[in-house]
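**Q** A single structure is presented below for examination.
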Amino acid sequence: MATAYPGTAPAAAGGPAGRVVGRLAWGLGVLAVLLTGYAALHGRFPFPDVYAALPDRYAWVEPAALFDRAYAWVVANRNTSPLFLYGFNYLSVGLGSAVVLINQALTLLAWPGVVLLGVLAAWRVAGGRVALLVLAAFAVFGLTGLWNEAMTTLALITTSVLIALLVGIPIGIAAGRSERVERLTRPVLDFMQIMPAFAYLMPMLLLFGIGNPAAAVATAVYAVPPAVRITAMAVRDVDAGAVEATTSLGSTPWQLLTKVRLPLARRTILLGVNQTIMLATSMVVIASVIGAGGLGDAVYQALNKVDVGRAFEAGVAIVLMAIALDRVTAAAGSGGAARELPPGPRRWRRAVLGAGTLLALGAAAGRLAGVGWLAGWPDALTVSAAGLVNAANDGVQALVGTWAAGFAAALLAVVLDPLRTLLTDSPWWLVVLAAAAIGHALGGVRTALVGGAAILLTGLLGVWEFGMDTLSQVIVAALVTVSAGFVAGVLAARSDRLAAVLRPLLDAMQTLPPFVYLIPVVALFGIGRVPALAAAVVYALPPVIRLVNDGIRGCSAGAVEAAVSQGSSRWQLLTKVQLPLARSSLLLAVNQGIMMVLAMVVIGALVGAGALGYGVVFGMAQNQLGLGMTSGLAIVCLGLLLDRMTQSAART
Amino acid sequence: MGTRSARPARPTRPAARRPRGTGLLRTVVLTLVLVLATSCAVRTTSVLRDPDTVRIALNAWVGYEADAAVVGYLLEHELGYQVQLVQIDEQPAWQALDQGAVDVILENWGHEDLMRTYGPEGNGTVVDGGPTGNVGQIGWYLPRYLVEEYPGIDTPEGLREHADVFRTPESGDRGQFLAGAPGFVTSDQGLINHFDLPFEIVFAGSEAAQLTEVRNRYERGDPVLFYSQDPSWVQNDLDLVRVRFPEWTQGCDTDPEDVSCDYPRYELNKVFRAGFARDGGAAYELIRDWTWSNADQNAVAQLIADDRLDPEDAAARWVAEHPDVWRPWIPEEAR
């Protein structure tokens, strides 16, 4: 595959533009063929029921039925089969117990103890400002009356991050040292990162049962890829000279690893730990659907009572927890360099830490002795912003409600319905060919094959119509996200003030659990595909805006200056210099935007998006593993299709 | 013990420079091996559990929440237990009982098939806990103002005639029937097929989303037809009429594609984890003896849903006002 050499960029300025036009023409051509095919043959070639045509002997290959049988087998054998008695049950019982134990330890410490230890640890590792942030987070947990929930979530995150690291770091080390292991793990990690969080939940539910064990495993699995990837990268990038020197001194491989590679890779590995923690924090919330307790459950319960304010409070608590964990681990990763160390002489610092630990132990002792106010955060010390948020929500709804409903109806009639009809009613083979053709235009033969195969697999899983319905929604949501994100990103890149206003907003949007804004979008747009689309756009916008902004700001100052001095207008500067130079960031932004939209497919089903997402939700709620798994895998297929296309577009 | 090695003895290093990671790793591996070797087969039910904690499955409707609030309040304040509410869908809740992840489902709607799988005739991990005293009715509901505007719309014939009233952009040229949460028992498509109703089911995907939509439409006086059940908080809140399908008879709903009758009336019951029924002690006895009327449940549900009271405060208020109702539930020795 052709790679662009950095040096050729200015010379090829007409190249990419020409290619964009070529691709656009190709895309329009494919669309025209699809439309003609639809006009001539619509409804005549629905995806065939392959499995009905098979002789009885082979009928068992139908994926949905296969999963359903597996499900029935597991239910019947969970407490008799050695696979479970000596295998999965160990894990699930061990993990479930670990969560209970950590939670009990936190309860035993009592809230003053936890606050003291947490703040002191943050102060020791990351300095005064982060310690204040941690203190603020704890204060919010307590003041909102969510102390116990926050502790459960902390226990869950701790457990699952520990498993993720226990599994991920050794694999990462292996992958960093051996090319073969690297090649084996890469596709698996790709698959894991494309798979939407919800789709993880069903198999976990099956193997590890309901509640905290399954939640811990699902969270760990979701959070493991960055641990593996970044560890591998860190180990591989260790200075070759250092490795050679040690080897020539006669070190054993074990010594080489523990004495040279790991210490040198430490900072990068800690960055992986940080990423793992962040992913775990977002997944723990989603895992509330399979009975995980804690803050996620608080959001979920509030939503079931349509109490947006309460859900928002719990959401803010999660955001604060995520930010606090992020800052502390990031500081731990950056070593002493970037952090401001606690002031004062060493001895003084030790004294503070010692006294704090003693006080915390005292709190634990007091709790054991039965001091009443240590048993839980005092109820008198709580305030609630829920009423305020609910009022604001009602206000917005009253203000733009009718307008939004009209917009929703128009969007359905003009865009969503026609596109869905086009995809579901066109001959299935034409849709497969169209996907392959677009793949070919973007990335050559391989992408064409992957694209065609992925979309064909959706049909073979038995969910063609759902798949096309979902695809139509994802396409529209991605278009909206990318265009809005580009506009906002360009504006932010041009105005420092706007960028400064946006940054904390984007931070919060990225960590706020998407459950929180589901009910407000329903209140605005009614039930159906439009509110789901709105939620997906809200969720996927921040990374797009961020990448576009970074990309344009990252353009070399020299090129920009040269263009300005030659009298380019701002528009010319943008379209002729900045956007072409930021091309790889922009394409990454498109890719990220699409993948994030896809991750919202299942969550969108909670507000009426239907299709594949509903298959997953329904399968989970009604114990129908077949429907749930085939729908989940079909989402992965669509993800593969869109990811490969946008990625190869970025490469060629 | 002396080690025989061809290699020269390693030079002793200062203690601080010993590879701490190795030692830790070995300890962890050894412990794991020990644990694996000493314990043998592990059943899911052996997960660590605090005997003083009762874990109640919490299904997402307010009637259930009222049950859980009152039972939980009494367990905590009269018997000194800790109560953990585990939010979970109806059917996975049975699985959770089977796996020992929760102790009791307080309000079960039917589910004979699950009872066959997990009950005494199946793998024996759950037992029926007797009726709660509440009677439940699932059905198709619409606002009363629609019946006043279109008399007879609350019958299958009336719905067929006025289906266009319920059209939305999402349902196209058919009427919209708003389905409930994905976990609920449904025979809606069967009803649509049998009575030849020109309706499209729109899946709200969650009860919260469905109720938000229903409330919005109700406030605007718009038409809406939806799946709901009584007792439920919307029933207290909005003035609704249930569509009159022919009454349920045995076997009229066996074919999910062709259902000729309304939903049955459910005698709601409790379902226990078998282990909890065996050694749940006073907590088990309290829940076993707990029964109350629809009016009792609605009183608590209303405090939670309309007055926006915290479930625990709602329970406290009800408990303070109705000692005669709950006194008999408390086990003899704890009274």
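**Q** Kindly report the accessible area of region B:136-265 per residue (heavy atoms of protein chains, probe 1.4 Å, no ligands, DNA or RNA), in Å².
**A** Ligands and nucleic acids excluded, the figure is 40 Å² per residue.
**Q** What percent do you get for the relative contact order of region B:136-265 when only Cα pairs under 8 Å and 6+ apart count?
**A** Normalised by residue count, the contact order of region B:136-265 is 39 percent.
**Q** Sort B:286-292, B:307-313 by packing, meaning the average of other beta carbons within 10 Å per residue, with the highest value first.
**A** Peptide ranking by packing, descending: B:286-292, B:307-313.
**Q** Next up: By DSSP, what percent of the beta bridges with both residues in the protein assembly as shown are antiparallel, rounded to the nearest 5?
**A** Roughly 60 percent of the DSSP beta bridges within the protein assembly as shown come out antiparallel.
**Q** Need one value for B:83-96: mean number of C-beta atoms belonging to other chains within 10 Å of its residues' C-beta atoms.
**A** Neighbouring Cβ atoms belonging to other protein chains average 6 per residue here.
**Q** If one takes the accessible area of chain A alone plus chain B alone and subtracts that of the pair, with a 1.4 Å probe, what total in Å², rounded to the nearest 100, results? Mind showing how you got there, number by number?
**A** Working: alone 30940 and 18130 Å², together 44320 Å².
Accessible area lost upon association: around 4700 Å².
**Q** Please sort by residue number the GluC sites (Glu not before Pro) in region B:69-118 whose DSSP state is loop and whose Cβ has at most 15 other Cβ atoms within 10 Å.
**A** Counting only loop positions with at most 15 other Cβ atoms within 10 Å, none of the GluC sites (Glu not before Pro) in region B:69-118 qualifies.
**Q** Let me ask something additional. Accessible area drop of at least 20 Å² (1.4 Å probe, protein heavy atoms): which residues of region A:72-118 qualify, relative to the chain alone?
**A** Residues shielded by partner chains are A:Val75, A:Arg78, A:Asn79, A:Leu85, A:Tyr86, A:Asn89, A:Tyr90, A:Val93, A:Ser97, A:Val100, A:Gln104.
**Q** Can you give the charge dipole size of region B:136-265 about its Cα centre, rounded to the nearest 20 debye, using +1 on the beta carbon of Lys and Arg and -1 on the beta carbon of Asp and Glu? Let's see the in-between values first.
**A** Values: 10 positive and 24 negative charges, 58 e Å.
Here region B:136-265 has a charge dipole of around 280 debye.
**Q** What residues of region A:518-567 lose no less than 40 Å² of accessible area with every protein chain in place versus their chain by itself (probe 1.4 Å, heavy atoms only)?
**A** A:Ile527
**Q** Related question: Spin-label point model (7 Å from Cα, Cβ direction): what's the A:Ser178 to A:Leu41 distance in nm?
**A** Label at A:Ser178, label at A:Leu41, 4.8 nm between them.
**Q** Under a crude label model (7 Å from the Cα following the beta-carbon direction), how far is A:Ser251 from A:Arg186 in nanometres?
**A** It works out to 2.7 nm between the two label points.
**Q** Continuing with this model, one more query. Can you give the alpha-carbon Rg of region B:136-265 over 2.2 N^0.38 Å, where N counts its residues?
**A** The reported ratio for this selection is 0.97.
**Q** Another question, then. Please compute the Kirkwood hydrodynamic radius over chain A, one decimal place, Å, based on all pairs of different Cα atoms.
**A** That comes to 27.3 Å for chain A.
**Q** With each pseudo-label sitting 7 Å past Cα toward Cβ, what's the A:Val501-A:Leu101 distance in nm, one decimal?
**A** 5.2 nm
**Q** Using a 1.4 angstrom probe and counting only protein chains, how large is the accessible area of A:Asp237 in Å², to 10?
**A** Estimated to the nearest 10 Å², A:Asp237 gives 100 Å².
**Q** Putting +1 on Lys and Arg Cβ atoms and -1 on Asp and Glu Cβ atoms, find which of A:Ala39, A:Ser97, A:Trp60 reaches farthest to the positive end of the dipole of region A:23-105.
**A** Final value for the positive-end residue is A:Ala39.
**Q** Given Cα positions, please report Rg to Rh for region B:99-176, the hydrodynamic radius being the Kirkwood one.
**A** Rg divided by Rh gives 1.23.
**Q** Report, in deg cm²/dmol and to the nearest 500, the calculated mean residue ellipticity at 222 nm for the protein assembly as shown, where each DSSP H run with n ≥ 4 adds -39500 (n - 2.57) and the sum is divided by the residue count.
**A** Values: 41 runs with 626 residues, N = 987.
When only DSSP H runs of four or more count, the value is -21000 deg cm²/dmol.
**Q** Might you report the magnitude of the Cβ-based charge dipole of the protein assembly as shown about its Cα centre, with Lys and Arg at +1 and Asp and Glu at -1, to the nearest 20 debye?
**A** 7420 debye
**Q** Quantify how strongly other chains surround peptide B:168-175 by giving the mean number of their Cβ atoms within 10 Å of each of its Cβ atoms.
**A** Counting other chains' Cβ atoms within 10 Å and averaging over B:168-175 gives 5.
**Q** Please give the FRET efficiency for A:Trp403 paired with B:Glu161, using the beta carbon to beta carbon distance and R0 = 41 Å, rounded to the nearest 0.05.
**A** The calculated FRET efficiency here is 0.80.
**Q** Shielding of A:304-311 by partners, i.e. mean partner chain Cβ atoms within 10 Å per residue?
**A** Other-chain Cβ atoms within 10 Å of each residue's Cβ, averaged: 5.
**Q** Continuing with this model, one more query. With the dipole of the protein assembly as shown worked out from charges on the C-beta (+1 for Lys and Arg, -1 for Asp and Glu) around the Cα centre, which of A:Ala540, B:Thr291, A:Leu518 lies farthest toward the positive end?
**A** A:Ala540
**Q** Same structure again: What number, in percent, do you get for the relative contact order of chain A if the mean sequence gap of Cα pairs under 8 Å and at least 6 apart is divided by its residue count? Intermediate values should be presented prior to the final figure.
**A** Values: 902 pairs, mean separation 130.9, N = 652.
Relative contact order of chain A: 20 percent.
**Q** If R0 is 35 Å, what FRET efficiency do you get for A:Leu449 and A:Lys259 from their C-beta distance, rounded to 0.05?
**A** With R0 = 35 Å, the Cβ-Cβ based efficiency is 0.15.
**Q** Considering only protein heavy atoms and a 1.4 Å probe, what is the carbon-and-sulfur percentage of the accessible area of the protein assembly as shown?
**A** Carbon and sulfur together cover 62 percent of it.
**Q** So, how do all the Cα-to-Cα distances of region A:155-198 break down into 5 Å bins, in percent, from 0 on up?
**A** Taking all Cα pairs of region A:155-198, the binned fractions are 6, 20, 19, 25, 19, 9, 3, 0 percent.
**Q** Send over a whole-number figure in Å² for the accessible area per residue of chain A, probe 1.4 Å.
**A** Solvent-accessible surface per residue comes out at 44 Å².
**Q** In addition: Say the dipole of the protein assembly as shown comes from +1 at the beta carbon of Lys and Arg and -1 at that of Asp and Glu; which of A:Gly29, B:Asn193, A:Ile603 then lies farthest toward its positive end?
**A** Sorting the options by dipole projection puts first A:Gly29.
**Q** From the phi angles alone, apply the Karplus equation (6.51, -1.76, 1.60; θ = phi - 60°) to region A:154-170 and give each ³J(HN,Hα) in whole Hz, x where the residue is Gly or Pro.
**A** Ordered by residue, 3J(HN,Hα) equals 4, 5, 5, 4, 4, 4, 6, 5, 4, 4, 4, 6, 4, 8, x, 5, x Hz.
The values are calculated or read from the model by the stated rules, or taken from the named source; none is laboratory data. The model shown is predicted, which means the values in this text are computed figures rather than measured ones. Neighbour counts are summed over all protein chains in view; Cβ atoms, including those assigned to glycine, are modelled from backbone coordinates with ideal geometry. In case anyone asks, the SASA skips ligands and DNA or RNA and just uses the protein heavy atoms, side chains included. Shrake-Rupley method; radii C 1.70, N 1.55, O 1.52, S 1.80 Å.
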